[in-house]
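First comes the structure, then the notes that go with it.
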Amino acid sequence: QVQLVESGGGLVQAGGSLTLSCAISGSISSIDSMRWYRQAPGKQRVVVAVINSGGRTNYADSVKGRFTISRDNAKNTVYLQMNSLKPEDTAVYYCNALSSLRGYWGQGTQVTVSS
C-alpha cells in the first residue's frame, strides 16, 4: 500500500506561482512512476506531469515550459512547481503513484487562478 498526501494549493493571480507537494508513505519501493493530474470543473481528469524512477520527466503540452515536476527521495516527496499560472490552470490537482500492480491517488488539492 502507498499513501499520498497533497498540499500547497490555493488562490493565486494569473502570472503567479505555486508549488504543490505530494508526501509519499508506505511501500515506496514498489513505485515505478509518479504523476500529477488535474481535473477542472466539468472536465475529465488529465495528466500534466510524469516523473519515472530514473528521473525522466514528461509534460502535457498545455503546461510545458511552465510546470516542473521533481522529487526529493530523502523526503519521499514529489513536487510540482507551477509558474506563469493561467486561469485555465484552475483545477483540483491530484498526485498519483503507479506500481506494477495498481495506481494510488491522493485526496487532491485545489488550485484557483484568478484573472
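Picking from residues in the stretch 56-68 that are in a loop (DSSP other than H, G, I, E, B) and of a type outside the set (A, V, I, L, M, F, W, C), the one that is least open to solvent (accessible area, probe 1.4 Å) is R66. When the stretch 97-107 is filtered for residues that are assigned to a strand (DSSP E or B) and without any contact (Cβ under 8 Å) to a residue 24 or more places away in the chain, only G103 remains. For L4, the conditions (1) touching a residue at least 60 places away in the same chain (Cβ under 8 Å); (2) in contact with a Lys or Arg (Cβ under 8 Å, 6 or more places away or on another chain) are fulfilled apart from (2). Has the stretch 65-86 got at least one residue that is in contact with a helix residue (DSSP H, G or I) (Cβ under 9 Å, 6 or more places away or on another chain) and in contact (Cβ under 8 Å) with a residue 60 or more places away in the chain? Scanning the stretch 65-86 turns up at least one residue that is in contact with a helix residue (DSSP H, G or I) (Cβ under 9 Å, 6 or more places away or on another chain) and in contact (Cβ under 8 Å) with a residue 60 or more places away in the chain.
For (1) surrounded by fewer than 14 Cβ atoms within 10 Å (Cβ to Cβ); (2) part of a loop (DSSP other than H, G, I, E, B); (3) of a type in the set (S, T, N, Q), each residue gets a yes or a no:
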{"residue": "G16", "(1), (2), (3)": "no, yes, no"}
{"residue": "D32", "(1), (2), (3)": "yes, no, no"}
{"residue": "G42", "(1), (2), (3)": "yes, yes, no"}
{"residue": "A49", "(1), (2), (3)": "no, no, no"}
{"residue": "G54", "(1), (2), (3)": "yes, yes, no"}
{"residue": "S70", "(1), (2), (3)": "no, no, yes"}
{"residue": "A74", "(1), (2), (3)": "yes, yes, no"}
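Being touching a Gly at 6+ places or on another chain (Cβ under 7 Å) and of a type in the set (V, I, T) holds for only one residue in V5, V12, and it is V5. When the stretch 70-110 is filtered for residues that are closer than 15 Å to V46 by Cα, among the β-branched types (V, I, T) and under 11 Å from the mean Cα position of the chain (by Cα), the ones remaining, listed by number, are V92, T109.
When the stretch 76-96 is filtered for residues that are in contact with a Ser or Thr (Cβ under 8 Å, 6 or more places away or on another chain), open to solvent by less than 30 Å² (accessible area, probe 1.4 Å) and not in a loop (DSSP other than H, G, I, E, B), the ones remaining, listed by number, are T77, V78, L80, M82, Y93.
The values are calculated or read from the model by the stated rules, or taken from the named source; none is laboratory data. Because the structure is a prediction, the values reported are computed rather than measured. We place every Cβ from the backbone using ideal geometry, glycine too, and count neighbours over all the protein chains shown. With ligands, DNA and RNA removed, areas are computed over all heavy atoms of the protein, side chains included. Shrake-Rupley method; radii C 1.70, N 1.55, O 1.52, S 1.80 Å.
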